[in-house]
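Data block below; observations after.
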């Protein structure tokens, strides 16, 4: 017997979810949402994501795809199969943070809300209704994160809010790799929420900017959330807003490079936002002198030398202030 979550995901994928043309409560003129999708050489996954978004039963949203010079026919597919989707065709690979920020820049003057997401997700049909209703009830909410499940394990959580440990500096998702439980159904404030699926107030984005572009991948979402807190906005996890995520579809395939980006950016993030993370405790130094060496020792023990080197190079990039695309 299929689970309710699996049935919802299947209905979204097959297009059998009805479009109601109105939000719950009968509102005829809800605030509009600008949906930003970043893509790089994942044509088939992008197609499924766009089909899922188009089945969301919210009457006021538009979509922009910001494509990073894909060579697999992604841009041609969008133009041919989704003529109502606005395409930003970047001439070269810009990284996720820059591409998403370009999409936000396009959408912010056109919509009071922005939903930023990736090219490997499926959305529940009521997700925009749930998110916007929460935002409209509390003007202090600037960033609202979603409950995200693994795509291939549709009742197992990937994200239920996130935090950074004040001592060792590791970040983690609440509920990661756990079956969904009632304790993950509580709305709560978070240090940050993942950028895989997040509602942003456009006025906030225009005030503090989008993702920090030279972080490229990893921790750009955490950095934006901490800047939102600094600007006086709240960041929350909203469990009623649900989606499903395919993992390991892009950079995660190159573990060494992933570790280099994530180590470098984590150190930037910890140093930049130290007061909010751990007060006066020097978390970034603990991360350099304790956490990273332990991780490198682990990889060496298992003969994964390239992964250990990736962490080392990430530390050196941070020490030298080298950000942006690696190898560009």
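Conditions (1) closer than 16 Å to residue 260 by Cα; (2) in a loop (DSSP other than H, G, I, E, B); (3) touching a strand residue (DSSP E or B) at 6+ places or on another chain (Cβ under 8 Å), marked per residue:
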site: 277; (1), (2), (3): no, no, yes
site: 286; (1), (2), (3): no, no, no
site: 292; (1), (2), (3): yes, no, no
site: 296; (1), (2), (3): yes, no, no
site: 299; (1), (2), (3): yes, no, no
site: 303; (1), (2), (3): no, yes, no
site: 318; (1), (2), (3): yes, no, no
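Within the stretch 182-202, at least one residue is farther than 19 Å from residue 126 by Cβ, part of a helix (DSSP H, G or I) and in contact with a strand residue (DSSP E or B) (Cβ under 6 Å, 6 or more places away or on another chain). Of 13, 51, all but one fail to be in a helix (DSSP H, G or I), closer than 28 Å to residue 70 by Cβ and modelled with pLDDT under 95; the exception is 13. Report yes if residue 47 is without any contact (Cβ under 8 Å) to a residue 60 or more places away in the chain and farther than 17 Å from residue 246 by Cβ, otherwise no. Here the answer is no, as residue 47 does not meet what is asked. Among the helices (runs of 4 or more DSSP H) confined to the stretch 64-172, the ones with at least 3 residues that are within 24 Å of residue 217 (Cβ to Cβ) and in the same structural domain as residue 219 (by TED's automatic domain parsing) are located at 74-81, 96-107.
The values are calculated or read from the model by the stated rules, or taken from the named source; none is laboratory data. Please read these numbers as outputs of a predicted model, since none were measured by experiment. We place every Cβ from the backbone using ideal geometry, glycine too, and count neighbours over all the protein chains shown.
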